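Report on one structure; see the data block that follows.
The values are calculated or read from the model by the stated rules, or taken from the named source; none is laboratory data. All values derive from a computational prediction rather than experimental measurement. Backbone-built Cβ (ideal geometry, glycine too); neighbour counts: all protein chains shown. These area figures cover heavy atoms from the full protein model, side chains too; ligands, DNA and RNA do not enter into them. Shrake-Rupley method; radii C 1.70, N 1.55, O 1.52, S 1.80 Å.
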Amino acid sequence: IRKHHVMENEIRTSVIIQMYTMYASVLNKLHMNERALEYAKKGMRLALKNRSYDYLFTLWTHVALIYESLGDLDKSERYFFKALDLEPILIDSEHLLPFAFVHFANLLISKKQWEKAKQLVERSISICRKIEDNLLLVQSLLVYGEWNIQQTQHIKAVPLCLEAEKIAKKYTFDQFTSKSISKLCTCYEALQEESNFLEYVVKLYRIQKGGN
């Protein structure tokens, strides 16, 4: 009976932590950042107390994203590093890593920390291919595309963005289809590939007008 009671408590705690994580994520997207932070910190305390390191990894990643939204890039970077420090004990939770990797890489690109950003986004792409997480794969390809654009390596960005466009179209990730096409416009213009540039300008125009 006692074992059953402990199991019930663990399940209840797990559900509460997941609820706090969801609130933190949604409220951050609604730009209610301070409220998002409150829920994330409640979840963090519970995850730490129960040594739920999988949940703690995800929560620290969300806190990093909240601080990024608030414009505190140093705190954001600190929480991303805290999350990454947990990686060695997340042996059976590889699927959690790309979410942190791709967002941290994006932050590091904005801070011009090129080498670390490249390492993270390459690992994210590799894991996403392995576990077939197509949504995070598209995001990772676009972040790597952006990394190359920032390095004026437009020719290397093109295949990444083309693959992202193809996957995004297949799974109707409309937001990322648009981002892929926009980045390809940037690349083809920089490469002076006039016909490809005009083709993608038309594609972008149609998407913005709600066509195909």
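Of the residues 162, 142, the single one that is more than 17 Å from the chain's Cα centre (by Cα), under 23 Å from residue 122 (Cβ atoms) and among the hydrophobic types (A, V, I, L, M, F, W, C) is 162. Just to be sure before I move on: is residue 207 open to solvent by less than 90 Å² (accessible area, probe 1.4 Å), touching an Asp or Glu at 6+ places or on another chain (Cβ under 7 Å) and assigned to a helix (DSSP H, G or I) in the structure I sent? Answer is no for this residue.
Restricting 13, 58 to residues that are buried (at least 16 other Cβ atoms within 10 Å of the Cβ), under 24 Å from residue 89 (Cα atoms) and modelled with pLDDT of 95 or more narrows the list to 58.
Inspect all residues belonging to the stretch 187-199 and state whether any of them is in contact with a Ser or Thr (Cβ under 9 Å, 6 or more places away or on another chain), of a type in the set (S, T, N, Q) and free of Cβ contacts under 8 Å to residues at least 40 places away in the same chain. No; the residues of the stretch 187-199 include none that is in contact with a Ser or Thr (Cβ under 9 Å, 6 or more places away or on another chain), of a type in the set (S, T, N, Q) and free of Cβ contacts under 8 Å to residues at least 40 places away in the same chain. Among the residues of the stretch 184-201, the ones that are more than 18 Å from residue 160 (Cβ to Cβ) and either loosely packed, with under 11 Cβ neighbours inside 10 Å or small (Gly, Ala, Ser) (or both) come to 3 in all. Being buried (at least 20 other Cβ atoms within 10 Å of the Cβ), farther than 17 Å from residue 83 by Cβ and among the small types (Gly, Ala, Ser) is the filter here, so list the residues in the stretch 102-153 that pass it. The one that is buried (at least 20 other Cβ atoms within 10 Å of the Cβ), farther than 17 Å from residue 83 by Cβ and among the small types (Gly, Ala, Ser): 145. From the list 149, 127, 155, 167, the one residue that fits, being farther than 21 Å from residue 200 by Cβ and part of a helix (DSSP H, G or I), is 127. Within the stretch 61-87, the residues that satisfy the criterion of being of a type in the set (Ser, Thr, Tyr) and either open to solvent by less than 30 Å² (accessible area, probe 1.4 Å) or farther than 14 Å from residue 36 by Cβ (or both) are 61, 67, 76.
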